[in-house]
Amino acid sequence: MNNKSEVSPFLLELARQLAVDYGARLGQVTVVFPNRRAGLFFRKYLSQQIEKPIWSPEILSIEEFFDRLSPLQVADHLSQVFALFQAFRDAKQAQESFDKFFYWGEVLLRDFDEVDKYLVNPDDLFYLLKAQKEIESKYDYLTDEQREVIGRFWKNYGNQEGGERSFSTIWEALAGIYRRFGDLLAEEGLTYEGRQHRWVAEAAKEETLSSSFESVVFAGFNALTLAEETVLKYFVTQFGARVVWDLDAYYVEDPLQEAGEFLRKYKEDRVLGRFFPDNLPNQLAQTPDTVEFVGVPLAVGQAKALGNELEVWSNQPGFDPERAVVVLPDENLLFPLLHSLPESISSYNVTMGYPLRQTLLYSFLEHVLALQQGKRGAKEQTQYSYRPLLALLRHPFLQHYNPELAQFWARQIEGTNRLWVLAEELKHSKKPLGNQAFYEVLFNPLQQENQVFDYLLTLLRYVRNHLPTQREEGGGIVEQEYLYQFYVQINRLQDITQQQTLDLSLDTLLRLFRTLIRNMRIPFSGEPLNGLQIMGVLETRNLDFDHVFMLSMNEETFPAAPNRSSFIPFNLRKGFGLPTFDQADAVSSYLFYRLLQRARHLQLYFNTEDTSQMKGEPSRYLLQIRYELGWKNLKERVLAHPMELSPVLPISVAKDHEVLARMERWRADLNPQLKGLTPSALSTYLACRLQFYFKYVASIKEPDEMEEMVNARLFGNILHNALEELYQDHWDLSGSSKVLPEHFVKLKQKVSGYIDRQFAAEFGQPDSEFHFEGRNVLVKEVIMQLVYQILKYDEAYAPFNLVGLEIGRDPEQDLFLEIELPQGGKVRLDGIIDRIDEKDGVIRVIDYKTGRDDKQVPSVESLFERTGKKRNKAAFQTFLYGLLYQEFAKPTNPNIAPGLYNAREMFSPDFQPHLILGKGSGKGVLKDFSTVASEFSAGLGQLIAELYDPSVPFDQTDDHALCSICAYRKICHR
Ligand code: SF4
């Protein structure tokens, strides 16, 4: 045979052979495959061989076959975990919590399963484990991975002392746990798969296993467990069963080819070897019609490239999607692939496990659980933390359910800096924003453990009835499958936790749910004979296709990196014939070559990028094809996407008609009611004209950031407001604006309470007591010290009169200035002055500064310089306040002294608040603003004139240091 087109699929050959051999007696035959999927394809091929109606043979997977031979029923996974936990507690006589047990319980369960499937004598194994421990007290036989598992085990087990002693104790107890686990399940008439297989194999060994099967054919097996091997041989020798191997001479006859490792062993076996043909098929020696390696940058790029390729193939005559398979060793590429399928592929079938944790529904439930776990308070006082709450409000489910409501709450929380939100408020939002019924269910606080599952099930019902489905995965079928799986698992968890008399805390239950779901996969298994087949590697067993497209051909993805945890070290695994990682490599190698041996067109994709998940190194299988198989028509290409960065162009906004119209908002002559430009707006304009445009003209909102910890802005607000309230209350209570030295004892006593109130207000809880946590405790202390220092300075300065606090905030004390424009019209400037006081005829205009500001002003001119480093922004602001107050207090024409209470210098023994004007020997304390007022006023006039000059655009600053802290830097690409 020279042409691959003449090669038939293994299952078709098998169907032909059995039809010939058994004819009308096919109904008496039982065909056993490694999995159910092979049976479905086999049935299709068989129907093509039969011309008149006959009874179909019985088709079983190997698990079903064992199930039929054993009187024991396999318990579901959760029941096994709980039984193992009970066994552990009985054997150890320990009241260990289920939570701590759960992780390593899973590891133990897998180990026990293998011990039984490979018919290992548990007493011998556990005895040697213990003995080895005693000899190797430093555990130097352990691999790093095993050490890690054991380390995690002890961490989970909660043993803080005597780790080594306890380590040997667990090995001493293993045999007891193993036996008790089996007994506990048996008391319920149940077992686990490994024990069931052992029971059948031991009955076979003792020749007591009876069979109701007439003729059995085992087809397509490779790596048998010892229990399977024993039973197969028993059926061959006792009942004349047949074994049909699916193999190729290429890997069976080459002793170095790992793909043939198991088959070479069976070929030499007295019983199994007799089913090997004298002349092994040699299909891999024949070159496929086309074979190509395609390197693609990044994992998702492979899915895109394959989508394009499928479009080309599907338009070629003779291409049958049902004879094509896409194999995905990396399940994460399933959805990228589904999104990349061309329209010409009208139907497809997914046959693989997909992790539930990758679904949108899981992320939704994760956020819900985080919300419930992080809540505080009870009943009507329950509050949710903003973090999980915001994550939930931004989840696509809530955005779809009622986008306005979700956005309303997100804005509320961010806009008012609320760290905690009452559940009751969320459940019954006062604002009428459409349907809120889901919120009543969702934000219902979980108070008791036994409510968890009902709560989750109710949420799932809501999701099913009201929320979106992703259309792209086949009209929502995929979502229905998710929902169903979640529903089943939560129900099961509820049943089982109710049956068990375990005291599970809410946290434990939630962790249990998470662990369970994280490890679960959705068994996509629709009608597997329709359309393009999309499969995991394991699902391809026994199946053959003309076209094989395989993604993720990279080391550590295919073959996969060994990552299985076990309590049984490598040397004991080897010694007792338990599977090891090198055997896992042999299994994947067989799966790969078996899929290749009858394919006519092969396209194997690999990722060329070195990322954290993939090493970027092409799989060893690609190298083997290139150097060992010697296929002459092998083509290789690497798809590159040259990246060309478009040059970043400068941004400049001209003052056109529309822009100038927007700027009319500060024109006092056009609309006297409007507010004016603030000192910070002018400061921004001096720093960067474009930033001013974004913020004040275009009103592009800076992104709101939640501030769990006090940042610079909050720090300033708290200090300003605490000082304002402190002095204002003093003024109100004493009925006098006079502040005398003796007032300070009381003022200082009140500082802490005033600061607490400001914290509560800033964090959106004005009426409740603020809980200081973490860094906020320190921040409060720092603010207290600063306020005390200010009071200390004021005490020494007293007596003085308070003239005003936060002047300009109250509309009745309107603090503004109007500047004439050269082209006519007036521009209004506004300001709020922190504090104005008076002593001996000197009016101090005080600004509190919590940043790094100093008081040096080289010249009035320097206040308008555009380079951020030279300009003293605090002084510019204070000068402007001086001007504003001069305008405000016009009739009295007072002696104004602008000053800064700046944190940077407050603690210095010779602190004084006045600005220092001039350079070198010309330096002097500025105690009378009138000496500089006209120069400053002229500079301000020029600045405003420039701002309204249509020929000066809003352009970008040259000072890139400013860009690094600018909220609009993404727009500017800086
Ligand atoms: S990123 Fe730089 S140039 Fe752009 S607006 Fe901000 S400060 Fe101006």
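Tell me, please, whether a residue that is under 25 Å from the mean Cα position of the chain (by Cα) and not in a helix (DSSP H, G or I) can be found in the stretch 357-366.
Within the stretch 357-366, one or more residues are under 25 Å from the mean Cα position of the chain (by Cα) and not in a helix (DSSP H, G or I).
Provide a single number: the residues in the stretch 807-839 that are at pLDDT 90 or above and under 30 Å from Lys748 (Cα atoms).
9
Quick check on this structure: which one of Arg573, Arg600, Arg564, Arg594 is under 30 Å from Phe218 (Cβ atoms), among the basic types (Lys, Arg) and within 33 Å of the chain's Cα centre (by Cα)?
Going through Arg573, Arg600, Arg564, Arg594 in turn, just one is under 30 Å from Phe218 (Cβ atoms), among the basic types (Lys, Arg) and within 33 Å of the chain's Cα centre (by Cα): Arg564.
Scan the stretch 122-141 and tell me whether some residue there is part of a helix (DSSP H, G or I), at pLDDT 90 or above and touching a strand residue (DSSP E or B) at 6+ places or on another chain (Cβ under 6 Å).
No, there is no match, as no residue in the stretch 122-141 is part of a helix (DSSP H, G or I), at pLDDT 90 or above and touching a strand residue (DSSP E or B) at 6+ places or on another chain (Cβ under 6 Å).
Can you pull out every residue in the stretch 907-922 that is of a type outside the set (Phe, Trp, Tyr) and either surrounded by 13 or more Cβ atoms within 10 Å (Cβ to Cβ) or under 19 Å from Asp834 (Cα atoms) (or both)?
Listed by number, the residues that qualify are Gln912, Pro913, His914, Leu915, Ile916, Leu917, Gly918.
Being in contact (Cβ under 8 Å) with a residue 24 or more places away in the chain, more than 16 Å from the ligand (Cβ to nearest atom), surrounded by fewer than 17 Cβ atoms within 10 Å (Cβ to Cβ) and over 25 Å from Leu829 (Cα atoms) narrows it down to one residue among Ser736, Ser752; which is it?
Answer to the selection: Ser752.
Does Leu943 satisfy being within 16 Å of the ligand (Cβ to nearest atom) and assigned to a helix (DSSP H, G or I)? Break it down into steps so the answer makes sense when it comes.
On the way: within 16 Å of the ligand (Cβ to nearest atom): no; assigned to a helix (DSSP H, G or I): yes.
So Leu943 fails the test.
Suppose we filter the stretch 544-559 for residues that are touching an Asp or Glu at 6+ places or on another chain (Cβ under 8 Å), buried (at least 24 other Cβ atoms within 10 Å of the Cβ) and not in a loop (DSSP other than H, G, I, E, B); how many remain?
The qualifying residues number 2.
Among (1) in contact with a Phe, Trp or Tyr (Cβ under 7 Å, 6 or more places away or on another chain); (2) under 30 Å from Val548 (Cβ atoms), where does Ala241 come up short?
Looking at each condition in turn, Ala241 falls short on (2).
Scanning for something touching a helix residue (DSSP H, G or I) at 6+ places or on another chain (Cβ under 6 Å) and acidic (Asp, Glu), does the stretch 223-237 turn up at least one residue?
No.
Cβ contacts < 7 Å: first residue farther than 20 Å from Leu649 by Cβ, restricted to the stretch 950-961; second residue away from the ligand (no atom under 13 Å from the Cβ), any location; separation 6+ or different chain. Result?
Close Cβ pairs (under 7 Å, with a partner that is away from the ligand (no atom under 13 Å from the Cβ)) amount to Pro950/Lys655; Pro950/Leu660.
Let me confirm something: among Asp837, Asp830, which residue is in contact with a Lys or Arg (Cβ under 6 Å, 6 or more places away or on another chain) and buried (at least 22 other Cβ atoms within 10 Å of the Cβ)?
Exactly one residue qualifies, and that residue is Asp837.
Does at least one position in the stretch 47-56 carry a residue that is out of contact with any Gly (no Cβ under 7 Å at 6 or more places or on another chain), part of a helix (DSSP H, G or I) and more than 25 Å from Val325 (Cβ to Cβ)? Spell out the reasoning first.
Taking the stretch 47-56 and keeping what is out of contact with any Gly (no Cβ under 7 Å at 6 or more places or on another chain), we get 47-53.
Checking which are part of a helix (DSSP H, G or I) leaves us with 47-49.
Now narrow it down to the ones that are more than 25 Å from Val325 (Cβ to Cβ): none.
Checked against the condition, which is being out of contact with any Gly (no Cβ under 7 Å at 6 or more places or on another chain), part of a helix (DSSP H, G or I) and more than 25 Å from Val325 (Cβ to Cβ), the stretch 47-56 yields no hits at all.
Which residues, taken from the stretch 306-341, are surrounded by fewer than 16 Cβ atoms within 10 Å (Cβ to Cβ) and in a loop (DSSP other than H, G, I, E, B)?
Of everything in the stretch 306-341, those that are surrounded by fewer than 16 Cβ atoms within 10 Å (Cβ to Cβ) and in a loop (DSSP other than H, G, I, E, B) turn out to be Asn315, Gln316, Pro317, Gly318, Asp320.
Just checking, how many residues over the stretch 560-572 are crowded, with 19+ Cβ neighbours inside 10 Å and in a strand (DSSP E or B)?
Final tally of qualifying residues: 0.
Within the group Pro894, Pro898, Pro909, which residue is away from the ligand (no atom under 16 Å from the Cβ), at negative phi and in contact with a Phe, Trp or Tyr (Cβ under 6 Å, 6 or more places away or on another chain)?
Result of the check over Pro894, Pro898, Pro909: Pro898.
For the structure I just gave you, tell me whether Leu60 is part of a helix (DSSP H, G or I), touching a residue at least 12 places away in the same chain (Cβ under 8 Å) and within 21 Å of Glu228 (Cβ to Cβ).
Against the criterion (part of a helix (DSSP H, G or I), touching a residue at least 12 places away in the same chain (Cβ under 8 Å) and within 21 Å of Glu228 (Cβ to Cβ)), Leu60 does not qualify.
Might you check whether a residue that is in a helix (DSSP H, G or I), touching a residue at least 60 places away in the same chain (Cβ under 8 Å) and within 25 Å of the chain's Cα centre (by Cα) occurs anywhere in the stretch 431-442? Talk me through it step by step, then tell me what you get.
So in the stretch 431-442, the residues in a helix (DSSP H, G or I) come out as 437-442.
Pick out the ones that are also touching a residue at least 60 places away in the same chain (Cβ under 8 Å) and you get 442.
Now narrow it down to the ones that are within 25 Å of the chain's Cα centre (by Cα): 442.
Yes, the stretch 431-442 contains a residue that is in a helix (DSSP H, G or I), touching a residue at least 60 places away in the same chain (Cβ under 8 Å) and within 25 Å of the chain's Cα centre (by Cα).
Being of a type in the set (Gly, Ala, Ser), assigned by TED's automatic domain parsing to the domain that holds Thr678, closer than 30 Å to Tyr693 by Cβ and within 16 Å of the ligand (Cβ to nearest atom) narrows it down to one residue among Ser964, Ser951; which is it?
Ser964
Pull out all pairs, ordered by first then second residue, where Cβ-Cβ is under 7 Å, the residues are six or more apart or on different chains, the first lies in the stretch 779-798 and is over 23 Å from Ile836 (Cβ atoms), and the second is surrounded by 17 or more Cβ atoms within 10 Å (Cβ to Cβ).
Correct list of pairs: Val779/Val710; Val779/Phe715; Lys780/Ile755; Lys780/Phe759; Met784/Val751; Met784/Ile755.
The values are calculated or read from the model by the stated rules, or taken from the named source; none is laboratory data. Keep in mind the model is a prediction, meaning the values are calculated, not measured. When we count neighbours, we look across all protein chains shown, and the Cβ atoms used for this are built from the backbone with ideal geometry, even at glycine.
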